[in-house]
Each structure stands twice: as structure tokens, then as C-alpha cells.
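Worksheet for the structure shown next.
The values are calculated or read from the model by the stated rules, or taken from the named source; none is laboratory data. These numbers were taken from a predicted model, which means no experiment stands behind them. Ideal geometry is used to build each Cβ from the backbone, glycine not excepted, and the neighbour counts take in all protein chains shown.
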Amino acid sequence: MCIRDRIGSSAVLRWGSAIGAAGIALAAFSPWVWLALAGWAIAGAGLSGTVPQLFSAAGHAEPGAAAANMSRVVSVGYVGVLAGPAVIGWMTHLVPLNVAFLLPVAFCVVAALSAGVLRTEPAEERVSA
């Protein structure tokens with residue numbers, strides 16, 4: 001039995017995003033390298049379960065449009081992976097690097113707060129339930 005089966009998809013997204021935000025904040029504001037590395041490890045552990053939940057939700061949102069929904073979610077993910085470092089780099093012209101890392105922290109907080117809308121079961125099961 002996996003964690004998602006025990007606590008649900010929304011809880012995995014909510015708590016994973018919150019743990020990810022805490023880990024990134026710890027890494028950004030840590031005065032010691034070993035604590036910053038621990039923060040990145042915590043962020044990775046927290047966020048590692050969120051992406052599969054988002055993919056599952058996209059695939060189950062509309063049975064006839066699963067491929068289109070998946071391509072949208074994956075495209076947004078690629079934009080984040082490619083544009084995120086550039087945006088953070090640009091922000092360092094305005095604020096210090098550790099403060100610029102508050103942007104991904106903010107995105108994690110938004111994901112944690114909006115996790116209640118996540119639905120990963122197929123639409124047919126929602127209707128019959």
C-alpha cells in the first residue's frame with residue numbers, strides 16, 4: 001500500500017508541496033552548506049510525490065481528453081524547468097539570490113493551498129460514487 005492510498009492524492013500534493021517549500025526556504029537561508037544540502041534533500045523528498053499526482057489528475061480529468069491534458073501539464077512543467085532558472089537569475093539583479101529563491105517557495109505554497117481541487121480518480125468513478 002502506497003502513501004497515496006493511505007492519505008489521498010490531495011494530501012500528498014498538499015504536504016509534499018509544503019515540505020518542498022520548507023526545504024527550499026531552509027536551503028536558501030541556511031548559513032551552513034551542510035544545512036543547505038539537507039534543505040535541498042528535504043525539498044526533493046517533498047516534491048517527488050507531487051508530480052505523479054498532477055500527472056494522474058491530468059490523465060483522469062476528462063477520459064476523452066487525457067492526452068491533451070497530459071500534454072498541457074507536461075508543457076507547463078517544461079516551461080518551469082527551462083524558464084525558472086532564467087527568472088531566478090534575472091531576479092538576482094534586483095534582490096540577493098537567497099531572496100530570489102522565495103519565488104519557488106511561493107509556487108509551492110500556492111500548490112499546497114490549492115491541493116483540494118486535485119482529483120486523480122477517473123471521471124466515471126466520481127459520477128458513480
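Below is a table of values for the structure above.
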{"item": "Close pairs from the range 22-38: first within 13 Å of V105 (Cβ to Cβ), partner among the aliphatic types (A, V, I, L, M) and in a helix (DSSP H, G or I), Cβ under 6 Å, at least 6 apart", "result": "G23/I42; G23/A43; I24/A43; I24/V105; A25/V105; A27/A36"}
{"item": "Qualifying positions in the range 20-72 - of a type in the set (S, T, Y) and within 21 Å of L103 (Cβ to Cβ)", "result": "S30, S48, T50"}
{"item": "Residue among S48, S30 that alone is more than 14 Å from the chain's Cα centre (by Cα), modelled with pLDDT of 90 or more and of a type in the set (S, T, N, Q)", "result": "S30"}
{"item": "Within the range 1-24, considering residues that are surrounded by fewer than 17 Cβ atoms within 10 Å (Cβ to Cβ) and charged (D, E, K, R), the one modelled with the highest pLDDT", "result": "R6"}
{"item": "Filter pass, G80 being exposed (fewer than 12 other Cβ atoms within 10 Å of the Cβ), of a type in the set (G, A, S) and either under 15 Å from F107 (Cα atoms) or free of Cβ contacts under 8 Å to residues at least 24 places away in the same chain (or both)", "result": "no"}
